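Below is one structure, written out as structure tokens; the observations come after it.
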Amino acid sequence: MTKITSLIGQRFALPLDEVLSDARHGEHTHFELITVTIGFDDGSEGTG
């Protein structure tokens, strides 16, 4: 059975060319993305 050997979380904040706004969430100056990379004992890994 394959076992997880590592978890790496990352947060990206990419600046937008212009400020976007809406009534529910206010102003947005960045697009945010959170990813996790999982490493396994067989050397494979996946990111999502």
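Heavy-atom accessible surface of the chain, averaged per residue, reaches 89 Å², computed with a 1.4 Å probe. Stokes-Einstein D for the chain at 25 °C, 0.890 mPa s, Kirkwood Rh over Cα pairs, in µm²/s? For the chosen part, D equals 187 µm²/s. At 1.4 Å probe size, with the rest of the protein present, what percent of the exposed accessible area of the chain is carbon and sulfur atoms? Ligands and nucleic acids excluded, carbon and sulfur reach 55 percent.
Computed 3J(HN,Hα) for the range 14-31, one whole-Hz value per residue from the Karplus formula 6.51 cos²θ - 1.76 cosθ + 1.60 where θ = phi - 60°, is 9, x, 8, 5, 9, 6, 9, 9, 8, 5, 7, 10, x, 8, 10, 9, 9, 9, glycine and proline marked x. Length gained on full extension, His28 to Phe12, computed as 0.36 nm times the residue gap minus the Cα-Cα distance: 4.3 nm.
The values are calculated or read from the model by the stated rules, or taken from the named source; none is laboratory data. None of these values were measured; they are calculated from a predicted model. The area values use the complete protein model at the heavy-atom level, side chains included, leaving out ligands, DNA and RNA. Shrake-Rupley method; radii C 1.70, N 1.55, O 1.52, S 1.80 Å.
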